[in-house]
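The values are calculated or read from the model by the stated rules, or taken from the named source; none is laboratory data. The shown structure was predicted, so the numbers you read here are calculated from the model rather than taken from an experiment. Glycine gets a Cβ as well: all are built from the backbone with ideal geometry, and neighbour counts include every protein chain shown. Side chains included, ligands, DNA and RNA excluded: accessible areas come from the protein's heavy atoms. Shrake-Rupley method; radii C 1.70, N 1.55, O 1.52, S 1.80 Å.
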Amino acid sequence: MAGLLEVKAKLAAARAVTVLTGAGISADSGVPTFRGADSLWSKFRPEDLATPEAFARDPRLVWEWYNWRREVIASKKPNPAHATVAEMEARFPHFWLITQNVDGLHADAGSRKLSEIHGNIWKVRCTACGLIEHNRQVPLPMLPACAACGHLVRPHIVWFGESLAVADIDQSYAALRSCELLLLIGTSGLVYPAASFASIAKEAGACVVEINLDPTPYSGAADIALHGRAKDLVPLLLD
Ligand code: BJW
Ligand code: ZN
């Protein structure tokens, strides 16, 4: 495939690599994506389910949706693309993974140097005291309450209109500005601030490589674009 050998050569020489992933990497594990045919946003309206206003209006509806998502994701396993990204931690002296995915599959695959910038579906956060807890119970009882203070908990997920955690933003920007190579894997590049990450790395001098089933808004900014399934292409990068 045109471009693949070039990416492999660049990776073989690189010391600082940053990876940004989106729903496409987990699509190969059977987790639904957000956009496109048969995706989450083709069946549900984001403003009904993934905004703080939606949760304030109808927490039961939002939690029912998350209970369904948790049930879907609970049976899914990391695929060879997640495994290869986890392997990159040991391969490069400077490595950071930024994921928009909330499914936890990167951590399941062994990734530790990672920022889950949109949160994690297996964590809940108290709306009163702010306590964040791991919780793998499926389904969660309606409505789930905080173990410490008894108030309503919410998914520890960044919804539309909410800010990302400062520590995640700082860590991500540092990794984007200092990498030689940025790999964009399976993201549509439509949601900010992640949509601006390729240009931040490029302005700092990085080579930007996109791996996606289809061209995206990132493709124009990418130095090299490889089109195909993440589970097929990503393992080829290190073999
Ligand atoms: C494959 C494949 C295979 C398939 N192999 N590839 C302008 C500037 C700045 C901000 C904004 C702006 N305009 C609007 C905003 C605000 C908003 C935003 O960006 N909206 C856009 C839609 C325009 N952003 C925010 O609100 C963010 N906060 C923020 O900016 O704070 C400051 C601020 C506040 C208020 C106003 C302005 C600024 C927070 C965004 C949080 C997004 N959260 C979500 C949902 C969480 C719900 C949940 O999961 O439970 O996170 S949105 C949803 O999209 C989810 C994802 O992480 C995110 C990205 O999607 P992703 O991963 O790219 O998936 P898809 O489905 O879009 O694409 C899949 C790709 O994979 C496709 O390209 C396929 O081709 C490919 N693919 N199979 C390889 N096998
Ligand atoms: Zn509490």
Q: Mind listing whichever residues of the range 177-204 are more than 19 Å from residue 215 (Cβ to Cβ) and not aliphatic (A, V, I, L, M)?
A: 177, 178, 179, 180, 192, 193, 203
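Looking at the range 34-49, which of the residues that are part of a loop (DSSP other than H, G, I, E, B) and not basic (Lys, Arg) is most open to solvent (accessible area, probe 1.4 Å)?
Initial filter on the range 34-49 (part of a loop (DSSP other than H, G, I, E, B)): 34-39, 44-45.
In the following step, the residues that additionally are not basic (Lys, Arg) were identified as 34, 36-39, 44.
Numbers: 34: 56, 36: 51, 37: 99, 38: 121, 39: 1, 44: 64 Å².
Ranking the candidates gives 38 first.
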Q) Hey, among 216, 187, which residue is surrounded by 22 or more Cβ atoms within 10 Å (Cβ to Cβ), at pLDDT below 95 and closer than 25 Å to residue 238 by Cβ? A) 216
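Of the residues 206, 109, 195, which single one is open to solvent by less than 60 Å² (accessible area, probe 1.4 Å), touching a Cys at 6+ places or on another chain (Cβ under 9 Å) and under 25 Å from residue 227 (Cα atoms)?
Exactly one residue qualifies, and that residue is 206.
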**Q.** Identity of the residue in the range 161-175, open to solvent by 80 Å² or more (accessible area, probe 1.4 Å) and part of a loop (DSSP other than H, G, I, E, B), that ends up nearest to residue 197 (Cα to Cα)
**A.** 163
Q) Is the range 192-206 home to any residue that is β-branched (Val, Ile, Thr) and at pLDDT below 95? A) no
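Rundown of residues vs (1) among the polar types (S, T, N, Q); (2) more than 25 Å from residue 115 (Cα to Cα); (3) assigned by TED's automatic domain parsing to the domain that holds residue 196, yes/no style:
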{"residue": "9", "(1), (2), (3)": "no, yes, yes"}
{"residue": "15", "(1), (2), (3)": "no, no, yes"}
{"residue": "22", "(1), (2), (3)": "no, no, yes"}
{"residue": "38", "(1), (2), (3)": "no, yes, no"}
{"residue": "43", "(1), (2), (3)": "no, yes, no"}
{"residue": "54", "(1), (2), (3)": "no, yes, no"}
{"residue": "57", "(1), (2), (3)": "no, yes, no"}
Q) Taking residue 17, is it in a strand (DSSP E or B) and under 22 Å from residue 86 (Cβ atoms)? A) yes
Q: Might you check whether a residue that is open to solvent by less than 30 Å² (accessible area, probe 1.4 Å) and away from ligand 1 (no atom under 15 Å from the Cβ) occurs anywhere in the range 18-33?
A: yes
Q) Taking residue 228, is it at positive phi and touching a strand residue (DSSP E or B) at 6+ places or on another chain (Cβ under 8 Å)? A) yes
Q) So is residue 188 among the polar types (S, T, N, Q) and without any contact (Cβ under 8 Å) to a residue 40 or more places away in the chain or not? A) no
Q. Conditions: (1) open to solvent by 70 Å² or more (accessible area, probe 1.4 Å); (2) more than 26 Å from residue 56 (Cβ to Cβ); (3) away from ligand 1 (no atom under 16 Å from the Cβ). Residue 127 meets all but one. Number of the miss?
A. (2)
**Q.** Flag if residue 12 is within 23 Å of residue 179 (Cβ to Cβ) and not in a loop (DSSP other than H, G, I, E, B)
**A.** yes
